[in-house]
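These notes are about the structure you will find just below.
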Amino acid sequence: MTVEIKTTAVEPIRQNFGTVARRFGADKAVSRYQEASFDLQAQDNFHYRPVWDPEREIYDRRRTAVQMADWEVFKDPRQFYYASYCIQRARMQEAAEKSFDFVEKNQLIGLMAEPVRQRAEALLPLRHAEWAANQHNCFVTAYGFGSSITQGAMYAATDRLAIAQYLSRIGLLLDGSSGRALDAAKRQWLEDTAWQPLRRLCEDLLVRKDWFELLVAQDLVIDGLLHPLAFGRPAGTLAEPGAATLAMLTEFIEDWFPENRKWVDACVAAAAGESAANRALIACWVKDWSARAVAAIAPLVPLLQGEAGAALWDQAQAAWQARIAKLGLAPA
Amino acid sequence: MNAPKIQSTVFMALQVNEDTRPIIEALTRDNPEAVVNRYPGMVKVDAPLRLVLKRATVEELIGSDWDLQSFNLNLISLSGNVDETDDELVLQWNR
């Protein structure tokens, strides 16, 4: 007797949800990212208007001056939905934890040359700026319209909290977990003349109400100028004792920035590509906020990067200008 | 006397899951002659003579970096001589 093993395939009647089929055409299998990211925003038939904003619906397209015919066109080039985002960040976090453990176990902080230590300490007040960035991205998530863009903003918000926490942990490594370095950093953030323009910029943004403007001002302008300066490394500086240690501790942040930039650029490009009015509006925001950001960051250059700072700051600004030109948002 | 016709088909059989979806799409994109056979829990991609899996295509589809060797995690079987670099994996019969 022979036994023949057979398989029977059962074809599902439908491959996908109606919303997915309508957006991506045909009833075909799509990626989890597409399934989990688009057309999940409640669009109409709202009940009462919110007491905190009785002029508008609870979810409303009019909370930004940017206008889109379709608010679900914002694609994330990284294709992050909850699972893929968590998996990716878990990998990065695992590597970062290893680095922190290694530095602590081998007491590498004690081997840091004084200029490197100063550079590390100068990064600490940035944790307050990162927390502001977290708040701004939370605002975008809360008041934004369209599930694909607000999803990305929530991930960015969480990332910023992570960055603030990693900066805090660098501080705790530097001061032997006494918290003194963090207290000193907070005093600098609140009182030092050099930090006040940046603090003021962050705080001014906390009261802006247009969520897309916040996205442009924080994620495109401030990050685009500040991150390459603060976490960039002038050529040759890695040879200093302890510089590699600091590089290990900030690697999460350095890896995060170019990845997040892809998402920011995609969002801004999609909105600017929608209409000439959007483009003009966003270009105007870029112009205004970049003028303020450049003025706010300039006094921090020697603090963050010492003597090599000026050259790095020039590079950062040039790279940022090129990025803005590529997005078609450079001032005419 | 005619030599018997040699079967030159190569194939790659993969599990069906979220990880292999972009791999299968990359295979169909880079190998127009490939035939995708779907079974419960498995997808078998047959191709006459040659089948190539390119890292760049998968990376474009998933929007992030991808290690070519990670396709082994979901690989059920393959046939053909393997020629693998960091950038692409080629299946064909070396004769």
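Where a number appears in this text, it was derived from the coordinates with a stated rule and is not lab data. Treat the numbers as computed from the prediction; the structure is a model and nothing was measured. Cβ placement follows ideal geometry from the backbone for every residue including glycine, while neighbour counts extend to all protein chains displayed.
Some observations on this one:
- Listed by Cβ neighbour count within 10 Å, with the fewest neighbours leading, A:His227, A:His136 appear as A:His227, A:His136.
- Placing +1 on the Cβ of every Lys and Arg and -1 on the Cβ of every Asp and Glu, with nothing else charged, gives the stretch A:15-152 a dipole about its Cα centre of roughly 220 debye.
- For the stretch A:77-326, the alpha carbon positions stretch 55, 40, 31 Å along the principal axes, listed from largest to smallest.
- Annotation note: trypsin sites (Lys or Arg not before Pro) in the stretch B:1-76 located in DSSP loop regions with a Cβ neighbour count of at most 13 within 10 Å are B:Lys5.
- Relative to the longest principal axis of the Cα atoms of chain A, the long axis of helix A:180-191 makes an angle of roughly 80 degrees.
- Charge-dipole axis of the stretch A:236-332 as Lys and Arg at +1 and Asp and Glu at -1 on Cβ define it, positive-most pick from A:Ala319, A:Val268, A:Phe257: A:Val268
- Crossing angle, helix A:251-274 versus chain A [Cα axis fit, 0-90 degrees, rounded to tens]: 50
- Normalised by residue count, chain B yields a Cα convex hull volume of 93 Å³ per residue.
- Distance violations [Cα-Cα > 22 Å] among A:Lys28/A:Lys75; A:Lys98/B:Lys54; A:Lys75/B:Lys54: A:Lys98/B:Lys54; A:Lys75/B:Lys54
- Largest first, the three principal axis extents of the alpha carbons in the protein assembly as shown are 92, 60, 46 Å in whole numbers.
- For the segment B:59-65, counting C-beta atoms of other chains within 10 Å of every residue's C-beta and taking the mean gives 4.
- With eigenvalues of the C-alpha gyration tensor scaled by 5 and rooted, the stretch A:1-129, Å: 45, 34, 12
- For residues of A:26-36, the mean tally of beta carbons on other chains within 10 Å: 1
- In a simple Cβ point-charge model (Lys, Arg +1; Asp, Glu -1; nothing else charged), the stretch A:77-326 has a dipole of about 340 debye relative to its Cα centre.
- Net dipole in debye of the protein assembly as shown [+1 Lys, Arg Cβ; -1 Asp, Glu Cβ; about Cα centre; nearest 20]: 520
- Comparing A:Asp265, A:Asp183, A:Asp159 in a Gaussian network model of chain A where C-alpha atoms under 10 Å apart are linked, the largest mean-square fluctuation is found at A:Asp183.
- Residues A:Arg22 and B:Gln15, FRET efficiency given R0 of 25 Å [Cβ-Cβ distance, rounded to 0.05]: 0.25
- At most 16 other Cβ within 10 Å, DSSP loop - trypsin sites (Lys or Arg not before Pro), the stretch A:154-236: A:Arg208, A:Lys209
- Relative exposure of A:Val20, B:Val45, judged by other C-beta atoms within 10 Å (fewest first): A:Val20, B:Val45
- Here the stretch A:278-320 has an Rg and Dmax of 12.6, 41 Å, counting Cα atoms alone.
- Sparse-neighbour loop sites [GluC sites (Glu not before Pro); the stretch A:37-138; at most 13 other C-beta within 10 Å; DSSP]: A:Glu55
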